[in-house]
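**Student:** Take a look at this one; I'll ask things after.
The values are calculated or read from the model by the stated rules, or taken from the named source; none is laboratory data. Keep in mind it's a predicted model, so treat the numbers as computed, not measured. Cβ placement follows ideal geometry from the backbone for every residue including glycine, while neighbour counts extend to all protein chains displayed.
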Amino acid sequence: MTLGYVMPQTGGLAVIVQALIQPIFMAVTEVNDSGIDLRIIPGDSGTDGQVASVTVDRLLNDEVDGIVGPAATSVTLSVIDR
């Protein structure tokens, strides 16, 4: 299984990205330790709808099974219907 995440690696919320992605990687480790192969593909939202849209397109083209994020409501609303 492959999941992607769309988090603010750049932009105004980049200062909180570690707090947002650390639990994701903790969960991936726990799932993998249980015998399930889970892979995560990172992506940047840039705290910007256009940046997030490009990232979501890339993740969808990579055929991820799900996407975690974005962190900002305005960014989420720009990609939610994808």
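**Student:** I'd like to check which strands (runs of 3 or more DSSP E) are fully inside the chain and have at least 3 residues that are surrounded by 11 or more Cβ atoms within 10 Å (Cβ to Cβ). Break it down stepwise before answering.
**Tutor:** On the way: elements: 2-5, 39-41, 66-68.
Passing ranges, in order: 2-5, 39-41.
**Student:** Which residues, taken from the range 57-77, are farther than 17 Å from Ala19 by Cα, touching a residue at least 40 places away in the same chain (Cβ under 8 Å) and of a type in the set (A, V, I, L, M, F, W, C)?
**Tutor:** Leu59, Val64, Ile67, Val75 - these are the residues of the range 57-77 that are farther than 17 Å from Ala19 by Cα, touching a residue at least 40 places away in the same chain (Cβ under 8 Å) and of a type in the set (A, V, I, L, M, F, W, C).
**Student:** What residue, of Leu3, Leu13, is in contact (Cβ under 8 Å) with a residue 12 or more places away in the chain and out of contact with any Ser or Thr (no Cβ under 6 Å at 6 or more places or on another chain)?
**Tutor:** Leu3
**Student:** So the check is Cβ under 7 Å with 6+ separation or different chains; which pairs have a first residue in the range 31-45 that's more than 24 Å from Thr76 (Cα to Cα) and a second one that's at pLDDT below 95 and surrounded by 15 or more Cβ atoms within 10 Å (Cβ to Cβ)?
**Tutor:** That search, which allows pairs on different chains as well, returns nothing.
**Student:** Turning to a different aspect of this structure: Could you please give the count of residues in the range 41-74 that are more than 11 Å from the chain's Cα centre (by Cα), among the β-branched types (Val, Ile, Thr) and modelled with pLDDT of 95 or more? First the steps, then the outcome.
**Tutor:** Our first condition is that a residue be more than 11 Å from the chain's Cα centre (by Cα); within the range 41-74, this holds for 46-51, 53-54, 57-58, 60-63, 65, 72-74.
From what's left, among the β-branched types (Val, Ile, Thr): 47, 51, 54, 73.
When the remaining residues are screened for being modelled with pLDDT of 95 or more, the result is 51, 54.
Summing the residues that are more than 11 Å from the chain's Cα centre (by Cα), among the β-branched types (Val, Ile, Thr) and modelled with pLDDT of 95 or more in the range 41-74 gives 2.
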